[in-house]
Amino acid sequence: MSTRSLTAIKDEEGVEICVLYRQMDGYPTGMGADLANFLKEITLVNGITFSDRDKKTANGMECLAAQIIAHFKDGVGDFYLSPAGTRDCGEEYLYTIYEEKGKIKLKVQVGDTTYFGLPGTEQENMPVVFNNHPYRFGKGISVEERANQLVNAGIKNDFLKKNS
């Protein structure tokens, strides 16, 4: 069975720009690592110069969203562009890319939405297993270890139970 994920990209005001649906390999060592590796060296700017074109630069979050789509979508299937606010697609992971104090941040939440109740259950109820700069992804405690910590702390859902 495929591990589905959603990647929500927000603008500087925290408003969702778009959602990228990944049909398979949505787990942290797949999509999470792919996102972190792509994002970790990109610098956000407000206005570009001629020299910025040769650097890993994004002229705001909308520019970054376009770059993410161009990077991941290389053929038929696997990745699909969805409207802002898309949820409840059977996703086991939700990745959120946002800006904080001029820096790119990546948040990873785990657990299929249907495990938290009826379809349409608020995504905020998905436990957060990572929320930091992309270059910190994979350093220190792993996402899998964080999921185990949540189980040991008594925070349970069907996803965490079957993986603990």
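The values are calculated or read from the model by the stated rules, or taken from the named source; none is laboratory data. Keep in mind that this is a model prediction, so the values were computed, not measured. When we count neighbours, we look across all protein chains shown, and the Cβ atoms used for this are built from the backbone with ideal geometry, even at glycine.
Among the residues of region 104-139, those that are in a loop (DSSP other than H, G, I, E, B) and either buried (at least 18 other Cβ atoms within 10 Å of the Cβ) or at pLDDT below 75 (or both) comprise G111, D112, G117, L118, P119, G120, T121, E122, M126, P127, F137. Of all the residues in region 10-38, those that are part of a helix (DSSP H, G or I), surrounded by fewer than 16 Cβ atoms within 10 Å (Cβ to Cβ) and touching a Ser or Thr at 6+ places or on another chain (Cβ under 9 Å) number 2.
Each row is one residue, and each column tells you yes or no for (1) acidic (D, E); (2) closer than 22 Å to R136 by Cβ; (3) modelled with pLDDT of 95 or more.
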| residue | (1), (2), (3) |
| --- | --- |
| Q23 | no, no, no |
| P28 | no, yes, no |
| L35 | no, yes, yes |
| L39 | no, yes, yes |
| V45 | no, yes, no |
| R87 | no, no, no |
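Tally up the residues in region 92-103 that are under 17 Å from T29 (Cβ atoms) and assigned to a loop (DSSP other than H, G, I, E, B), please.
The first filter runs over region 92-103 and keeps only residues under 17 Å from T29 (Cβ atoms), leaving 92-95.
Now restrict to residues that are assigned to a loop (DSSP other than H, G, I, E, B): 92.
Final tally of qualifying residues: 1.
Scan N46, N59 and give me the residue that is surrounded by fewer than 15 Cβ atoms within 10 Å (Cβ to Cβ), out of contact with any Ser or Thr (no Cβ under 8 Å at 6 or more places or on another chain) and closer than 19 Å to E13 by Cα. Answer to the check: N46. T7 satisfies every condition listed in (1) of a type outside the set (A, V, I, L, M); (2) surrounded by fewer than 18 Cβ atoms within 10 Å (Cβ to Cβ); (3) assigned to a strand (DSSP E or B) except (2). For E41, state whether it is closer than 16 Å to P134 by Cα and part of a loop (DSSP other than H, G, I, E, B). Spelling it out, E41 is indeed closer than 16 Å to P134 by Cα and part of a loop (DSSP other than H, G, I, E, B). Candidates are the residues of region 75-94 that are under 17 Å from A33 (Cβ atoms) and out of contact with any Lys or Arg (no Cβ under 7 Å at 6 or more places or on another chain); the one that is surrounded by the most Cβ atoms within 10 Å (Cβ to Cβ) is Y93.
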